[in-house]
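Following: one structure in structure tokens, then a few remarks.
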Amino acid sequence: MGRRRSAGLFLIINVVVSLSVALLVITLFSSTQDKEEPPIRPSIVVFVTATTDPLRPPQDALQATVDAQAGTLAAIERNTTASAQAALEVTNLPPEQGGTTPRPTQFSSSDEELPTIPPNLLPNLPTQNSNTATSQATNTLPPDGCERYFVQAGDTASKIAEQFGVSLSNLFTLNGINDRTILNIGDELLIPGGDCRPEVTPTVTPTPRPTFNLTIVAPTVTLAPTAVDSQVEITNILNTGDITAEQVEIQNLGGEINLQGWTLTDGQGNTYTFPSVRLVPGSIIRVLTRTGIDTPGFLYWNQNTPIWSSGETATLSDVSGAVQSVFTIGGEEG
């Protein structure tokens with residue numbers, strides 16, 4: 001009788017333990033089959049402005065990118081959870097009682113493809129091309145059609161002519177210089193070419209005119225060093241001894257006059273002859289010692305060394321040789 005009770009009690013305990021283990025296994029298996037809640041899609045805040053941002057991708061592309069990232073995170077979470085649960089899927093029953101050998105559930109991450117961002121949804125960012133602007137110097141010729149060149153350090157007339165491919169003689173003639181002219185840095189030269197050519201002065205053959213034998217006896221007149229009715233005077237001599245700036249200042253105090261043929265001499269016998277230049281009343285013209293191109297306000301003596309020094313006398317004579325003005329440097333004008 002005692003043995004039967006022991007066998008029945010053992011059987012009841014065995015049944016209870018088996019049912020408990022089975023219930024535990026069923027509970028764990030059911031939890032893995034539960035449907036996962038769909039991932040919550042993050043919302044996107046879009047600010048609408050009147051100005052279009054060319055670097056901002058389209059809204060659909062942004063939403064697709066966010067969805068793909070959320071799906072990737074969800075898949076990683078599922079893989080982690082399944083691996084942890086698979087380690088618990090074992091049975092505690094011994095094999096002799098109908099149990100099975102503990103075996104973890106195999107799970108491969110390759111069973112489910114992780115979502116990726118479709119290439120066609122990637123925004124095409126605009127590229128900025130670096131366009132190198134090539135600046136081209138535009139040489140606009142003056143109305144006279146002559147190109148200008150300013151003398152640089154180390155320049156010579158022959159080097160400038162060779163640089164521009166022009167003849168040295170045309171360069172000399174156009175600028176009124178010669179091979180003895182000293183070129184200073186900054187001097188402006190005209191470059192021959194095109195419509196800019198040296199003027200050729202035609203040779204005028206004088207028309208024969210009848211001659212008359214007319215004898216005129218002029219009275220002998222002794223002129224003073226300075227004529228009493230002088231209208232053109234030397235008013236100043238500036239920057240003596242400086243070849244780059246030495247100059248004689250002459251002013252017309254009378255009516256309009258043409259100085260062509262007038263002369264300016266120093267105490268050493270150096271003589272400058274005036275070209276055709278008209279002076280209106282009150283106007284001033286300056287004669288520079290150095291080389292250069294004559295302008296309405298400046299005439300050039302084309303000398304290589306200074307002429308004037310302290311105590312020297314300058315004499316201005318008209319076309320007949322009459323002295324019109326005398327000026328002594330450091331003294332008073334006459």
Query raised in the report: Looking at Asp242, is it in a loop (DSSP other than H, G, I, E, B), over 20 Å from Pro296 (Cα atoms), in contact with a Leu (Cβ under 9 Å, 6 or more places away or on another chain) and at pLDDT 70 or above?
Result: no
Query raised in the report: In this structure, does Asn236 turn out to be under 50 Å from the mean Cα position of the chain (by Cα) and under 15 Å from Val326 (Cβ atoms)?
Result: yes
Query - Boolean, Val287 is in contact (Cβ under 8 Å) with a residue 40 or more places away in the chain and touching a Leu at 6+ places or on another chain (Cβ under 9 Å) - result: yes
Report task. Within region 304-319, work out how many residues are among the polar types (S, T, N, Q) and crowded, with 18+ Cβ neighbours inside 10 Å. Result -> 2
**Report entry** Condition met for Thr295 (surrounded by fewer than 19 Cβ atoms within 10 Å (Cβ to Cβ) and either farther than 26 Å from Asp187 by Cα or not assigned by TED's automatic domain parsing to the domain that holds Gly176 (or both))
**Finding:** yes
Query raised in the report: If you check Arg286, Arg278, which single one turns out to be modelled with pLDDT under 90 and not polar (S, T, N, Q)?
Result: Arg278
Report summary line: Subset of region 266-276, residues crowded, with 16+ Cβ neighbours inside 10 Å and either in a strand (DSSP E or B) or under 52 Å from the mean Cα position of the chain (by Cα) (or both), comes to Tyr272, Phe274
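The values are calculated or read from the model by the stated rules, or taken from the named source; none is laboratory data. If you're wondering where the values come from, they're calculated on a predicted model, not measured in any experiment. Positions of Cβ are backbone-derived with ideal geometry, glycine not excepted, and every protein chain shown enters the neighbour counts.
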